Structure formats: structure tokens, C-alpha cells
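Down below is the structure, laid out as C-alpha cells.
The values are calculated or read from the model by the stated rules, or taken from the named source; none is laboratory data. Please read all numbers here as calculations on a predicted model, not as lab measurements. For neighbour counting, all protein chains shown are included, and Cβ atoms are generated from backbone atoms with ideal geometry for every residue, glycine included.
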């Protein structure tokens, strides 16, 4: 019957396997995020930066982004319009996750003397911190939901059930 096949999918063993896989996955992700957050807070090096290959100032930009330097001035634009276009295309938060760097650009000067001042931001580090907090919360919730007892390795699903009329929450173990 169909109820027996669906109950076998939700057997304690299958639930425990899914739980164990997700716990391991979360622990690995949190460890990686911890490293990235620590690296980002310690310095301004954006080791994962990949400035677009076909972009003007490519080599100079990659060197700057991967360095510990916080601000850099890019020169030699055809004019202010070209400098503004370059700044708009390659800086700001929109592409940070894709290209592995976060920086803001401000165009200054006039005509052929226009230049772009690029300042690294901590947008990506903050994003990683938020992701780290979300993964940690999920891990804590999973561990709370699936409490493993010392005597027995089976996963016990704890379900909060409201008592009728009293509105109190009561934990009911379902195994």
C-alpha cells in the first residue's frame, strides 16, 4: 500500500541519515565561513577577487583587490564618461558575490584627467557573517529538533504540541 512506502521513507534510519548528512554539511559550511570571515576581518586582501578579464585596468585592479591596500586610484581614462561607466560596471554591491570582491568607486577630475578612486568595503565579510549566523542557527535548531540520546542512537523527533484549553506547550517525543 502507499502508506507503507511513505512510512518507510520516513523511517528512523532514513531520517537519521538525512539528519547526519545535513549536520555534517552545516558544520563544514560554518567552518569555511569562519575562516573567510576571520580572513576578511584581519585585512583587506580579497584573495578570491576575479576582476573581469576583458575589462580596462584588469591587471592593476586584480593586484589592488588581492593586496592589503584599502584604496587605490585608477587613471588613464578617455574622459569622465568612460571613468563613470567603468566605475558603474565593475564596482558596488551588485557583482560582489560573483567576482569575489566588494569595493565602491568614486570618479573625480575632468576630461582626460578623470580618475577613479576605488575603496574596498566589508560588504562581502558582512554577507559571510550573516550566512554564518544563519547556518549556525539552522544547526542549533536541527540539534534541538532531533535530540539524540546517549543510550540509543535513534533520532527522536520532538514535536511541540499545544494542550487544548490551557495553551501551554508540551514536548511530546515521537519516535
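Summary table
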quantity	calculated
Answer residue from the range 16-64, given it is more than 19 Å from the chain's Cα centre (by Cα), part of a helix (DSSP H, G or I) and modelled with pLDDT of 90 or more and is nearest to residue 131 (Cα to Cα) among those	21
All positions within the range 53-66 that are out of contact with any helix residue (DSSP H, G or I) (no Cβ under 7 Å at 6 or more places or on another chain) and closer than 14 Å to residue 98 by Cβ	53, 65
